[in-house]
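These notes are about the structure you will find just below.
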Amino acid sequence: MDFRPMEKINYYKLELKKIEHCLNSNSDFDENMIYRLKSKMLYYKLDNPEDKEIDTLIQLIDSLDDSYNKEQNKKLNHRLNLLTIWSTIFLPLSFYTGMWGMNFDDVPLLTGDDGFWVFASLTLLTIGVMFTYFKRNKWF
């Protein structure tokens, strides 16, 4: 009786547990670990098509891969959400700076004594209103 297939199956189980541990512990994870192990399993499956346990392990590694990809997409979406919020806050500020930075004397409040304070107040008010809006809608 040949115990080699069982040794390989146990090896694959051990590798799957290592991958699962890496995913659960949020440690540095090499995404290629999943693909390397899956390719080894598929090669094994080609040599042993009657082995049903390898099918279960392949489904498990597919499930781990899907979970990892979902988590990565969630992190990416969160980062893009924050980037969008910051961009939305600073867009009007760039507009105000462009308006008050023109080389014309006819710009309202530019040459007046209160021009700087109106600009600073408008800038802070815009930031406050947008921050409150985003916080109230639970965008961050």
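The values are calculated or read from the model by the stated rules, or taken from the named source; none is laboratory data. Since the structure is predicted, the reported quantities are computational estimates derived from the model, not experimental observations. Virtual Cβ from ideal backbone geometry, glycine too; neighbours counted across all protein chains shown.
Of the residues 76, 42, 80, 46, only one is out of contact with any His (no Cβ under 9 Å at 6 or more places or on another chain), surrounded by 10 or more Cβ atoms within 10 Å (Cβ to Cβ) and at pLDDT below 90; which?
Testing whether each residue is out of contact with any His (no Cβ under 9 Å at 6 or more places or on another chain), surrounded by 10 or more Cβ atoms within 10 Å (Cβ to Cβ) and at pLDDT below 90 leaves just 42.
Just give me the residues in segment 46-80 being part of a loop (DSSP other than H, G, I, E, B) and either over 18 Å from residue 11 (Cβ atoms) or of a type in the set (Gly, Ala, Ser) (or both), in sequence order.
Those that are part of a loop (DSSP other than H, G, I, E, B) and either over 18 Å from residue 11 (Cβ atoms) or of a type in the set (Gly, Ala, Ser) (or both): 49, 50.
Between residues in segment 58-85 that are within 28 Å of residue 128 (Cα to Cα) and residues that are assigned to a helix (DSSP H, G or I), which pairs lie under 8 Å by C-beta distance while being six or more apart or on different chains?
85/134
Kindly indicate which of 19, 54 is at pLDDT 80 or above, in contact with a helix residue (DSSP H, G or I) (Cβ under 6 Å, 6 or more places away or on another chain) and of a type outside the set (D, E, K, R).
54
Any idea how many residues of segment 32-57 are aliphatic (A, V, I, L, M) and in contact (Cβ under 8 Å) with a residue 24 or more places away in the chain?
Qualifying residue count for the region: 5.
Of all residues in segment 98-140, which are surrounded by fewer than 12 Cβ atoms within 10 Å (Cβ to Cβ) and of a type in the set (S, T, N, Q)?
Answer for segment 98-140, where residues must be surrounded by fewer than 12 Cβ atoms within 10 Å (Cβ to Cβ) and of a type in the set (S, T, N, Q): 103, 111, 121, 132, 137.
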